[in-house]
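The values are calculated or read from the model by the stated rules, or taken from the named source; none is laboratory data. Just so you know, these numbers come straight off a predicted model, no measurement behind them. Backbone-built Cβ (ideal geometry, glycine too); neighbour counts: all protein chains shown. Ligands, DNA and RNA are excluded from the accessible area calculation, which covers all protein heavy atoms including side chains. Shrake-Rupley method; radii C 1.70, N 1.55, O 1.52, S 1.80 Å.
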Amino acid sequence: MWQEFSGTIILQWLGFSGKLGEALHFFLYDTIKIWFLLVTIIFAVSFLRTWFNTEKVRAYLAGKREFTGNILAALFGIITPFCTCSAIPLFLGFLQARIPIGVTFSFLISAPLNNEIAIAMLFGLFGWKITAIYIGFGLFVAILGGWVIGRFNVEKYVLITVPPLSGEIELPTYRPSFSERVSEAWNNTRDIFHKIYLWVMVGVGVGAWFHGYVPAEFIAAYAGGDAWYTVPVAVLMGIPMYSSAAGVMPLVEVLTQKGMLLGSALSFMMAVTALSLPEAIILKQILHIRLIALFFAIITVGIIGIGFIFNTIL
């Protein structure tokens, strides 16, 4: 219904037509749709998150076996609205609580790949089946990647001194009321939306330009098809960029509409959000280059594998 009404606004009321009309229709339709999805789903996840205190999570993970910890840390990454760069402080908090380093890396991998922003936009653009498959593979990469890192005894490659917490972690005893939880969730939703709504507009703007002006034949010739190299090339294209899922997801939608296979497009998105140069620069301050290289290599292999699997099954 919104698609038809937005078309009426652009094509009939404002009188635009041709490629410009198509681009403006796409921009208006996708911007409002994505904003609505983001506010709705971020609020829902933020409300649920009021029952998950960071200190409780650290205390809970500290007492679990390593592989169980990998699973729980990867799941925790889903409900944290972080890119990799902003997840690093919590990553250090996990190390401080003496949580195994492989478990902390499961969280660091999962947080940018499986955050609620990416999930909301995937759901809105491609439906629940694609979203469920993506979450499943994202968790698999985070769990397996953290477990593999834990096998290499890489604690010596943490460059900064992380003093252990003295005594036991103190858990909060205060339980907020329902109205306080709603208020906290709304404030968090507003803060996150304020940070990303312009990125959404930029991303949709680029996608609208592709939608209206880039011929499908161009995408099909240079980035489409099922050639083996399309997924690695998509990953390499995404590494130099740095954006949130909100900024890059509209471009993924258009690339798939123009002929790029979904696995290749999602590999591009995951590389943008999880394999960025700013992330490497920040990590260089706290981790040895060998550990960063291992971290990036595992994520890269996982992303390429997910891309190939998506291209094969879909």
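Sort through Ile292, Ile286 and tell me the only one that's at pLDDT 85 or above and open to solvent by less than 20 Å² (accessible area, probe 1.4 Å).
Testing whether each residue is at pLDDT 85 or above and open to solvent by less than 20 Å² (accessible area, probe 1.4 Å) leaves just Ile292.
Exactly one of (1) under 24 Å from Val301 (Cβ atoms); (2) part of a helix (DSSP H, G or I); (3) modelled with pLDDT under 90 is unmet by Met201. Its number?
Single failed check for Met201: (1).
Consider only pairs whose beta carbons are under 7 Å apart and that are at least six residues apart or on different chains; among these, list those whose first residue lies in region 184-204 and is farther than 19 Å from Ala23 by Cβ and surrounded by 15 or more Cβ atoms within 10 Å (Cβ to Cβ) and whose second residue is modelled with pLDDT under 85 and acidic (Asp, Glu).
Short answer, once both residue conditions are applied: none.
Mind telling me which of the residues Ala74, Ala87 ends up being of a type in the set (Gly, Ala, Ser), assigned to a helix (DSSP H, G or I), modelled with pLDDT of 75 or more and out of contact with any Asp or Glu (no Cβ under 6 Å at 6 or more places or on another chain)?
Ala74
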